[in-house]
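To start, the structure itself, in structure tokens.
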Amino acid sequence: MEQNRHISPATMKDVADKAGVSTATVSRALTHPEKVSAATRQKVEEAALAVGYAPNTLSRHVKRHESRTILVVVPDICDPFFCDILRGIEETAAERGYLVLIGDCAHQRQNEKTFLDLIITRQIDGILLLGSQLPFDAGKEEQRSLPPMVMANEFSPELGLPTVHIDNLTAAFEAVSYLHHLGHQRIACIAGPEQLLLSEYRLQGYIQALRRCGLPVDNQYIIRGDFDYETGSRGLTRLMSHPTPPTAVFCHSDVIAMGALSQARKMGLDIPRDLSLIGFDDIDQASYCFPPLTTVAQPRYEIGREATLLLLAQLLHHTVPNGSRLLSSELVIRESTAAPGPRPAGFKSAGAGQIF
């Protein structure tokens, strides 16, 4: 006797492929048919019948009206920077009877369908973005049918969302100015990803501080990479191979700075006697590494809390204007910075052309 073979049910993506439209358009046609043209609605309905799509789950959630659940989209769940932001979000949401789902964008392509299904089946009421991009493709028209969204930490003018963050340019400017105040004339920068606006603002703060202090901007003193330890390690190695190595380095994150700190030890450099380091974020590890890290402290818990309050206000149908809500940052002085001293005896920069 032949066993019954399991056949996977048709999905929203199957309908979209069949109809030649996006999944967001399929969602809108099935949940808000008045928002699409008659021709598009008919095309989607015919495609749904053709592939055997039965949105029973959708019907159940539509009747519930709300899930009292919000989705938090995190660029990388392994990055310690997000811990306090997530704590601020979860505690604020719990106070008001909401659950929090956390979606990790480090593997965005695998999770894109999951994010869309949560939205389409109305298992979430709103979205908090901790990065600058949506975790799925959606044009301007399609974004109108998405649940309420708020952005925290990052800034993306094209999305036109309420946003909670700090003034990254001014914070970077003050950090680099402090290094100059200590007496440093050769100040380098290990920067974050070029595609992130916050990295660009921090880089502009660095450049503006150098110009304000009358220092030259040397492109060989600027290293680009990711917000990870390896970027700090490789970045410092390249910087110290410069014919006139820097005496101070401004890093775009504490994780980058700690990678540079580890590499400095391997190279026989004493921090801060031989080289001053400044990080950014003030994650917990920054005060426990050796030496403790001078850094820009972000109010990460408050960023999470304020962003959540903005989202919950939208869910209560209150008017929440788009645009930035700026919170204050603070330069925390610890033991990784000091006035420049003489280059350590026996130290030699790596030869030109050496590959790392």
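The values are calculated or read from the model by the stated rules, or taken from the named source; none is laboratory data. It should be emphasised that the depicted structure is a prediction, and the values quoted were computed from it without experimental measurement. Here the Cβ is made from the backbone with ideal geometry for all residues, glycine too, and neighbour counts use every protein chain on show. The protein model used for the area step is the full one, side chains on, heavy atoms only, and it has no ligands, DNA or RNA in it. Shrake-Rupley method; radii C 1.70, N 1.55, O 1.52, S 1.80 Å.
Points worth noting:
- Among the protein heavy atoms, those of SER27 account for about 20 Å² of accessible surface (1.4 Å probe, every chain in place).
- Think of the stretch 168-297 as having a plus end and a minus end, set by charges on the Cβ of Lys, Arg, Asp and Glu; of THR237, SER253, THR170, THR237 sits farthest toward the positive end of this dipole.
- Three-way shape call for the stretch 168-297 based on the alpha-carbon gyration tensor, with the a/c threshold at 1.5: rounded
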